[in-house]
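Before any comments, here is the structure.
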Amino acid sequence: MHIAFRYRLLLPLITALLLIVGYPLGFSFWVSLQDYRLTAIEGATWIGIEHYIALLRNNSFWTALRNTLVFVATAVSLELLLGLSLAMLLHRRTTLGRNFFRSILLTPMFITPIAVGLMFRFLLNSQLGVITKLTEAIGLRIDWFSAQNALLTLALIDVWQWTPFMLLLLLAGLEALPEEPFEAARVDGASAWQSFWHLTLPMLRPTLLAAIVIRMLDAFKVYEYVYAITRGGPGESTETIQYHIYRVGFLYYRLGEASAMAYVLIAVILVLVVTLFYSLRRA
Amino acid sequence: MKRFLLKPLLTFALALTACAPMTTTPVAPSPESGPASVQPVTLTVIMEQVPDYDIVAELTKEFEAKYPSINIEFEAMPYDAMRDKLLTSFLASKATYDVIIVDNPWMDEFAKAGFLLPLDDYIAKETGYDFEDFVGPLREIGRVEGKIYGVPYYNYALGLIVRQDLFDDPDYQAKFKAKHGEALQIPTTLEGYLKVAKFFKEQGIHGIAMQPQRGYKVFEEWKNWLYAAGGNLLDEQGNVIIDNAAAQKALELYITAYREAAPPSSLNWGFDESLRAVAAGEAATMISYNWMLPTLNKPDGPAGNLAGKFALYEVPGGKAVLGAWHWAIPKNTASADAAWTFIAWLTSKETDKQRVIKGGAPIRVSVMKDPEVWQKGFGQQYYETVLKILEDAEPLARGTRAEEIINEVGTFLNSAVAGSMSVNDALKAAAEKTREIINRP
């Protein structure tokens, strides 16, 4: 009776999840198996896994997936590196004005990404961009949105906006660490680097894992910067997977194909997350 | 954790299941009962947030005074939001929008999908409407398989906008003559355009503010070059010819112009950036919408002290890319008659004249030939040039998959300009992709 009551309490949540998550997920899978176009919904026919097979030959899709992976890897590793360094710095009691910096460093996170995209579109503009003018003043002429640089530029914008998130999480993790092992290490004569490498990093592993996974999943969704700045160009050099799916699904109205792409994306992300979990857990 | 994974998918699925906001639209007056019917009707009109919208909104006050039973509610939004909103409204059991505007790449797609109401009967019944008065190429965009689904709202045909003061400068004229042995003139061929553009670049001012941004922009600009070289996307039989010799020539010249006469690092430039370059006096010419001329010449406009120094001409080669918005009525509206009453009033000769005088982009021949419009508007020369441009213009692309063709071809073109694909490879790939899109079941 007691157990039954417990499950009964869960019922509203399960129902809500089924409705909000289960139904759309199932429906979009069903859509991916059909020739489903928004301009001809009535005429949608069952085509099985044809969309999935067609994806194998679809160069634009794989280019977009590769671009996204490069973007995620670049952005998240830089954010981790910067976030961890800043967190270590702000964690030190001797750092001057740490409370002030703590709050000021978090501000980029509060801006909506589309606004960040528009901001950087102007900051990096070759005609009137402040950053362009500053780099030119020191003799550096960088074409931020050339075919070679554009994807990296977008990753750097992501780093600007989301390093604070890494910082926030890692700082919380650092502050939760017990003092005793560090005191013992100091007594044993460990250097700062040794206590970082042998104590801080291993003890921080769960937090690192969470931070990387959350940021990674978030970075996979990159859309706003692409939309506001490059529209996937030059060529296909900044076409990310979400932007590609948006174009196929909502600009060309080919929802069946777009759903198939979304499912392949889910599979790729799942593989990545599971691998990451296993490797970090085992270590 | 899992919910993070689900988000991208949810976006799709929810969009399908979500219903657009509904507006209650009472029954429209029947044509027999006349416009001043007793049943009040509210029409929701979707608009793009551009200066032309402001003019329409202002004029509509007169409409509401004349037809007190029809209330107009505008929903203005940026271009990018419109396609989704329109589709959601088409698919809903009851239309969100009773009057819509349709961009030309969407016309065949929406009409053939059965989303739009044919307007032939309405037009035939409307006394004094004079449908033939709309410029031919504009009128034809609204005609799909012999039926009229849209009447023109405004044009965005492309023209060559130049700094006339630079062309008239005796110093530049002398230098050009000394170098090329001919007079410095407004270019009428691609080769001539390149020569002039390079000349200005040598004088320290960029020859052309180009718009090679991926997708729509580069395709829209380059297609003028393609026409000038004698090429096209499809031939008259509908075969894809975008990889022929004319297209090769057009793209080679376009890339040379970008490398040798356009501002550096402008690979990502669209409309805003090139306009800014010209308005700031950094570039001597651009290929842009014909109605940018009055904006640039406005004393309190973006060009500041340069206002009044700009002039409009036909693009080199004469034939221009035509863009246009059309008014249309969705099939699922409950107020079709009232919707037509509004459209007919707004696009009538009288109202259209007011709209053009206030700065709206012209669509009717009679309006462009009206001395009152010349005098109260932007002068005889401007309207005559616009008429010439419109009469020799062809839409960007037609067919139910125009939007996709424009974007895909525009991606390859941009790759070629960026140097990541050769001209030959880019055009071959563009042709192959276009064939694939057209032949898809």
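The values are calculated or read from the model by the stated rules, or taken from the named source; none is laboratory data. All of these numbers come straight from a predicted model, not from anything done at the bench. So basically every Cβ, Gly included, is an ideal-geometry build from the backbone, and we count neighbours across all protein chains shown.
So for the range B:329-336 (the condition being touching a Ser or Thr at 6+ places or on another chain (Cβ under 9 Å) and surrounded by fewer than 22 Cβ atoms within 10 Å (Cβ to Cβ)), does at least one residue qualify? Yes, some residue in the range B:329-336 is touching a Ser or Thr at 6+ places or on another chain (Cβ under 9 Å) and surrounded by fewer than 22 Cβ atoms within 10 Å (Cβ to Cβ). I'd like the full set of residues that are modelled with pLDDT of 90 or more and within 7 Å of chain B (Cβ to nearest Cβ), limited to the range A:218-230. Residue satisfying the conditions is A:221 alone. For the range A:140-172, the candidate set comprises residues that are touching a Pro at 6+ places or on another chain (Cβ under 8 Å) and not in a helix (DSSP H, G or I); within that set, the residue that is farthest from residue A:124 (Cα to Cα) is A:147.
So which of B:390, B:413 is buried (at least 22 other Cβ atoms within 10 Å of the Cβ) and either under 19 Å from residue B:325 (Cα atoms) or away from chain A (no Cβ under 14 Å) (or both)? Criteria check complete, one pass: B:390. For the range A:143-163, name all the residues that are more than 16 Å from residue A:67 (Cβ to Cβ) and away from chain B (no Cβ under 12 Å). Across the range A:143-163, the qualifying residues are A:159, A:160, A:161, A:162, A:163. Of everything listed in (1) buried (at least 22 other Cβ atoms within 10 Å of the Cβ); (2) modelled with pLDDT of 95 or more, the single unmet condition for residue B:213 is (2). Just one residue in the set B:172, B:154, B:193, B:149 is modelled with pLDDT under 95 and of a type outside the set (A, V, I, L, M); that residue is B:154. Of the residues examined, residue A:111 is one that is exposed (fewer than 15 other Cβ atoms within 10 Å of the Cβ) and in contact (Cβ under 8 Å) with a residue 24 or more places away in the chain. Filtering the range A:253-283 to residues that are in a helix (DSSP H, G or I), at the interface with chain B (Cβ under 8 Å from one of its Cβ atoms) and touching a residue at least 12 places away in the same chain (Cβ under 8 Å) leaves A:255, A:258, A:259, A:262, A:263, A:265, A:269, A:273.
Conditions (1) among the basic types (Lys, Arg); (2) within 30 Å of residue B:191 (Cα to Cα); (3) part of a strand (DSSP E or B), marked per residue:
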site: B:305; (1), (2), (3): no, no, no
site: B:316; (1), (2), (3): no, yes, no
site: B:326; (1), (2), (3): no, no, yes
site: B:333; (1), (2), (3): no, no, no
site: B:337; (1), (2), (3): no, no, no
site: B:360; (1), (2), (3): no, no, no
site: B:374; (1), (2), (3): no, no, no
site: B:382; (1), (2), (3): no, yes, no
site: B:388; (1), (2), (3): yes, yes, no
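Would you point out the residue of the range A:15-60, among those that are within 10 Å of another protein chain (Cβ to nearest Cβ) and acidic (Asp, Glu), that is nearest to residue B:89 (Cα to Cα)? The selected residue is A:42.
All told, residue B:99 meets the bar of being more than 14 Å from chain A (Cβ to nearest Cβ) and modelled with pLDDT of 95 or more. Just checking, does the range B:355-375 include any residue being acidic (Asp, Glu) and away from chain A (no Cβ under 14 Å)? Yes, the range B:355-375 has at least one match. Might you check whether a residue that is buried (at least 21 other Cβ atoms within 10 Å of the Cβ), modelled with pLDDT of 90 or more, touching a Ser or Thr at 6+ places or on another chain (Cβ under 8 Å) and within 14 Å of another protein chain (Cβ to nearest Cβ) occurs anywhere in the range A:169-188? No: the range A:169-188 contains no residue that is buried (at least 21 other Cβ atoms within 10 Å of the Cβ), modelled with pLDDT of 90 or more, touching a Ser or Thr at 6+ places or on another chain (Cβ under 8 Å) and within 14 Å of another protein chain (Cβ to nearest Cβ).
May I ask you to say which residue of B:293, B:306, B:267 is away from chain A (no Cβ under 14 Å), more than 30 Å from residue B:119 (Cβ to Cβ) and either among the basic types (Lys, Arg) or in contact with a Phe, Trp or Tyr (Cβ under 7 Å, 6 or more places away or on another chain) (or both)? Quick ask: steps written out before the conclusion?
Working: B:306 fails: either among the basic types (Lys, Arg) or in contact with a Phe, Trp or Tyr (Cβ under 7 Å, 6 or more places away or on another chain) (or both); B:267 fails: away from chain A (no Cβ under 14 Å).
Just one listed residue meets the conditions, B:293.
The set of residues in the range B:185-202 being in a helix (DSSP H, G or I) and either surrounded by fewer than 19 Cβ atoms within 10 Å (Cβ to Cβ) or free of Cβ contacts under 8 Å to residues at least 60 places away in the same chain (or both) consists of B:191, B:192, B:195, B:198, B:199, B:202.
Can residue B:240 be described as within 14 Å of chain A (Cβ to nearest Cβ) and aliphatic (A, V, I, L, M)? When the stated conditions are applied, residue B:240 does not pass them. Right, residue A:219: over 28 Å from residue B:401 (Cβ atoms) and surrounded by 12 or more Cβ atoms within 10 Å (Cβ to Cβ) or not? In short, yes.
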